[in-house]
Amino acid sequence: MVFESLSEKLQNALGKLKGKGKLSEKDVDIAMREVRLALLEADVNFKVVKDFIKKVKERAIGAEVMESLTPGQHVIKIVNEELTKLMGEKESKLNFSSSPPTVILMCGLQGAGKTTTSGKLASNLKKQNKRPLLVACDVYRPAAIKQLEVVGERVNVPVFSMGDKHDPVDIAKAAMEHGKKNGNDVIIIDTAGRLHIDEDLMTEIKNIHEAVKPNEVLLVVDAMTGQDAVNVADSFNERLGITGVILTKLDGDARGGAALSIRTVTNKPIKFVGMGEKLDQLEPFYPDRMASRILGMGDVLSLIEKAQANIDTQKALELEKKIRTQQFTFDDFLDQLEQVKSLGPLDELMGMIPGVNSKALKDLDVNEKDIKRIQAIIQSMTVKERESPDIIDSSRRKRIAKGSGTTVQEVNKLLKQFKESKKMMKRFTDMEKTMKKKGKFG
Ligand code: GDP
């Protein structure tokens, strides 16, 4: 999962502050040194890191600590807010033209994911009752037009193409006419991959820009390329003027540097993130939720939204309430596991549950087989045991292990993990409550 290592390191560094009753300047210094290293190792832009640390330190040292927060929690709150700011504070939505069609020009390096993302975006817009048209302007790569046609067919969106013998500027102009005639209200132009230093191709895309006057120029960049992605974004922005970035392959093990630096370096927002190869795996980018996820504070909102699309919404809402009121039991855990299995990459989803931080995930070592074992263990518990795990003494543990075909060690591990998760959930919900009361959060 992206951010996994950063998340773990940040939580380690900040975890040391949590328990302290009083923080000295030296405590903050030490923690910030670790935070700085963690960010640099995650490939965050050097200057961004420097400013970030400076801001957090300024706010943390000498700041008035809120009554009900420990000084450590206060620092975490500041880090959370500053991380959110780095990524742009609020969700940045697409700008739609007041006189349709809205034109979206897609650009980027070859292989970044433009064609796939164009399809995802079209599918996304279709779900919002728009009538998108995809336009094939990549006349250089032999299979590109076909690829867009296949993608279009899969998401049931028309594709406009004129083969590879025409000038992309002419194709774009013809597509505008075609789209207007056919009532398409969003026109998504997929262009050839190009390097920002390729003068001819950069001139070509500028000409397309001039011809269609896009409402959005979206740069598609591959998160796996780290700082290169940031440099590409910076150059495209300078040469062409982009309106936003779509960061792809965030489902991979990118270290996160691109996501954390692009906004600050280019001053252009990340609008969407690609979370997989499938055409429904494009998500809006929420800086605040991403910051919470990085700090292991969970992302219950995204979890609920995923749930709304895929599973029993009522149950997901109940779950959120239970987490907040500390009534989360093994039954809920089991329920959750069953539903979660149908939702996709497990580590990504588990990371959205507060308290299930990357370290906890590692301890749990979540994979499909383990999930089955965990289910078996919980299913071997009595109703009472699931509600009040504290009553599970050693003889009950033996019985549960036997019943589930596992070992007492495995039962112990799960009980310990569950207890720790609950403790963490409590800590974060308490903290959130306090901040809400003071009107300083959420
Ligand atoms: P283009 O050359 O920029 O048009 O890139 P493509 O759309 O052909 O994508 C290149 C490769 O990246 C393909 O194999 C895609 O399936 C893959 N890809 C695109 N977006 C994502 C993503 O968000 N996650 C993952 N894992 N793969 C992606």
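Key figures for this structure:
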{"item": "Residue order, fewest to most surrounding Cβ atoms within 10 angstrom, among 411, 265", "result": "265, 411"}
{"item": "Residue-span extension gain [residue 25 to residue 387] - 0.36 nm each, minus C-alpha spacing", "result": "126.0 nm"}
{"item": "Label point distance in nm, residue 398-residue 207, each placed 7 Å from Cα along Cα→Cβ", "result": "8.3 nm"}
{"item": "Links that overshoot a 25 Å alpha carbon limit, given the list 77/278; 50/77; 16/54; 16/398; 85/315", "result": "77/278; 16/398; 85/315"}
{"item": "Residues with amide H under 5 Å from that of residue 102, placed H, sequence gap 5 or more", "result": "97, 186, 187"}
{"item": "Highest to lowest packing among 139-151, 96-108, scored as the average C-beta count within 10 Å", "result": "96-108, 139-151"}
{"item": "Partners for residue 180 among lysines (Cα-Cα distance below 21 Å; same-chain residues under 8 apart left out)", "result": "126, 127, 130, 213"}
{"item": "Given charges at beta-carbon only (K, R positive; D, E negative), |dipole| of region 7-52 in Debye", "result": "200 debye"}
{"item": "More than 22 Å apart - percent of Cα-Cα pairs taken over region 4-86", "result": "17 percent"}
{"item": "Proximal aspartates and glutamates relative to residue 47, as straight alpha-carbon distance under 20 Å, when same-chain residues fewer than 8 apart are discounted", "result": "29, 34, 58, 81, 82, 89, 228, 234, 238"}
{"item": "Segment residue 154-residue 315, length gained on full extension (0.36 nm per residue, minus Cα span)", "result": "54.8 nm"}
{"item": "Spatially proximal aspartates and glutamates relative to residue 165 (Cα-Cα < 14 Å; intrachain offsets below 8 disregarded)", "result": "138"}
{"item": "Ordering of 277-283, 24-30 by packing [mean C-beta count within 10 Å, highest first]", "result": "277-283, 24-30"}
{"item": "Length released on extending from residue 12 to residue 165, taking residue separation times 0.36 nm less the Cα-Cα span", "result": "49.4 nm"}
{"item": "Residues 426, 16, 271 arranged by fewest to most Cβ contacts within 10 Å", "result": "16, 426, 271"}
{"item": "Sequence of 203, 329 once ranked by neighbouring C-beta atoms within 10 Å, starting from the fewest", "result": "203, 329"}
{"item": "Separation between Cα centres of region 384-432 and region 125-184, rounded to whole Å", "result": "54 Å"}
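Only the coordinates and a few stated rules stand behind these numbers; no lab work does. Since the structure is predicted, the reported quantities are computational estimates derived from the model, not experimental observations. Here the Cβ is made from the backbone with ideal geometry for all residues, glycine too, and neighbour counts use every protein chain on show.
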